[in-house]
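Report on the following structure.
The values are calculated or read from the model by the stated rules, or taken from the named source; none is laboratory data. Remember, predicted model here, so these are calculated numbers, not experimental data. Cβ placement follows ideal geometry from the backbone for every residue including glycine, while neighbour counts extend to all protein chains displayed. To get the accessible areas, we keep the full protein, side chains included, count just its heavy atoms, and leave off ligands, DNA and RNA. Shrake-Rupley method; radii C 1.70, N 1.55, O 1.52, S 1.80 Å.
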Amino acid sequence: MNQRPGILFCLALLALSANQVMAQKQTAPGQPSAPPKQRSMREIVMMPVVYRVPGMDQVKVKSDLKYTTVDNPYLLLDVYTPPHLAKGERLPAVLFIHGGAGAETRPKDWGVYKSWGRLEAASGMVGVTFTHRLGYPKPFLAEAASDVNAALNYIRANADSLNIDKDRICLAAYSAGGPMLSIAMRDKPDYVRCLVAFYAFMDIQQSEPHRTNETPDMVKTYSPITYLANDAGKMPPIFIARAGLDEVPTMNDSIDRFICEAISKNATITVANHPQGVHGFDNQNDDDRSREIIQSVLAFMRFHLGL
C-alpha cells in the first residue's frame, strides 16, 4: 500500500501547528496577526527539542544497528550514551517510540528524536531511538508492536556492549506511538520501570483511521486504556504530557478519558498540560512551559529509573 498521502497528512498537521506557533510569537499585543513563517514538513520534523542541557554535543552515538531479522532496510536503531562511561558501567535506558509515519521516512533520523537521544544521554541515561513500521492511514499495529518488542529484546540482549542496565528501562511514546505502550501495560515486565506519553493516543477505540483499518479486537488490544480495568495500581508509573491545542482528531479526548479512568482506578500517573501547546510542542513551542515539561519528564525518568 502507498502510505505517502497519509504520511503527508500527518506531517501537514505538524506544519500547521508549527506555523501557528510562529504566528503567535510574531504578533505583538494589540496588533493584528502577522502572516506566519511557512516551514516545510521536513524542516518541522528536523527541528530539535527546545530544551538543552550541558554535554549534549559530547554524547557518543552508535548508529544504524540492525535490531530485527525483518527484511526491511529502514528498521535500524541508534544508541546515545554519555561520553565518559567507566568500563562495565551500566545505565538505565529510555526507548523512544515515534508515531505513525512509515518506516521509509526514517523517523529515528529526524532532528526531534536525535535531540531527545542526546538530551537523555547528557542527563545520565542511555537514549535509544529506532525506526519501526507504524504507519498511516493503516496503522500496522501488529507489525509495529513486533518491532517494539524486537528493539526491547535487542537492547536487553546486547546490554553489556551498549552500557545499558537491562532491568531499568523506560518506554516513551509520541503521538500515534501511544498504543505501543499497551505492550508493557498488558504484560507488566519488571524491567519496564516507567512509561511516558507525549501528546499520544491512549485510547484508539474512537479513532477513525484505527477503526477503519484494524479489527475491533486489535483496536481494543492496543488501547492503553484497556489495561486500567484490572490491577491498575500495578502499572508502571506513567507521565502524560498533553498539548492543549492539539488538532489531531480524538487525540485529546483519548488522553482526557485515560486520565479520568486512571485516577478512578488509582493508577500512578503524572500529568503535565501545556495550555498553548500544539501537537509536537516539545520541538515547536519554544517557550517556558515546554521547557518546564521536558525538564519534569527527565526528572520523572531519573527518579523511577533509580538515578
* Asked: Restricting attention to the stretch 221-229, does a residue exist that is in contact with a strand residue (DSSP E or B) (Cβ under 9 Å, 6 or more places away or on another chain) and within 15 Å of Gly177 (Cα to Cα)?
  -> yes
* Asked: Taking into account only those residues within the stretch 276-291 that are touching a residue at least 12 places away in the same chain (Cβ under 8 Å) and not in a loop (DSSP other than H, G, I, E, B), which is farthest from Val45 (Cα to Cα)?
  -> Arg289
* Is it fair to say Lys25 is part of a helix (DSSP H, G or I), open to solvent by 30 Å² or more (accessible area, probe 1.4 Å) and either on the phi < 0 side of the Ramachandran plot or modelled with pLDDT under 75 (or both)? -> yes
* **Single unsatisfied condition, Cys170 versus (1) within 23 Å of Gly102 (Cβ to Cβ); (2) touching a residue at least 60 places away in the same chain (Cβ under 8 Å)** => (1)
* Ala150, sole failed condition from (1) in a helix (DSSP H, G or I); (2) surrounded by 23 or more Cβ atoms within 10 Å (Cβ to Cβ); (3) of a type in the set (A, V, I, L, M) -> (2)
* To do: Starting from the stretch 202-230, keep only residues that are within 13 Å of Glu261 (Cα to Cα) and open to solvent by 10 Å² or more (accessible area, probe 1.4 Å), then list their pairs with residues that are part of a loop (DSSP other than H, G, I, E, B) and at pLDDT below 95 whose Cβ atoms are within a distance under 8 Å, requiring at least 6 positions of separation or different chains.
  => Tyr227/Met235
* Structure fact -> Met235 vs (1) closer than 30 Å to Asp167 by Cβ; (2) open to solvent by less than 20 Å² (accessible area, probe 1.4 Å); (3) modelled with pLDDT of 95 or more: all pass except (3)
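Taking Phe303, is it part of a helix (DSSP H, G or I), farther than 29 Å from Ile44 by Cα and not hydroxyl-bearing (Ser, Thr, Tyr)?
Answer is yes for this residue.
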* Does Tyr191 qualify as being closer than 21 Å to Pro237 by Cα, among the aromatic types (Phe, Trp, Tyr) and surrounded by 20 or more Cβ atoms within 10 Å (Cβ to Cβ)? -> no
* **Filter result for the condition that a residue is among the charged types (D, E, K, R) and touching a Ser or Thr at 6+ places or on another chain (Cβ under 8 Å), over Arg257, Arg291, Arg302** => Arg302
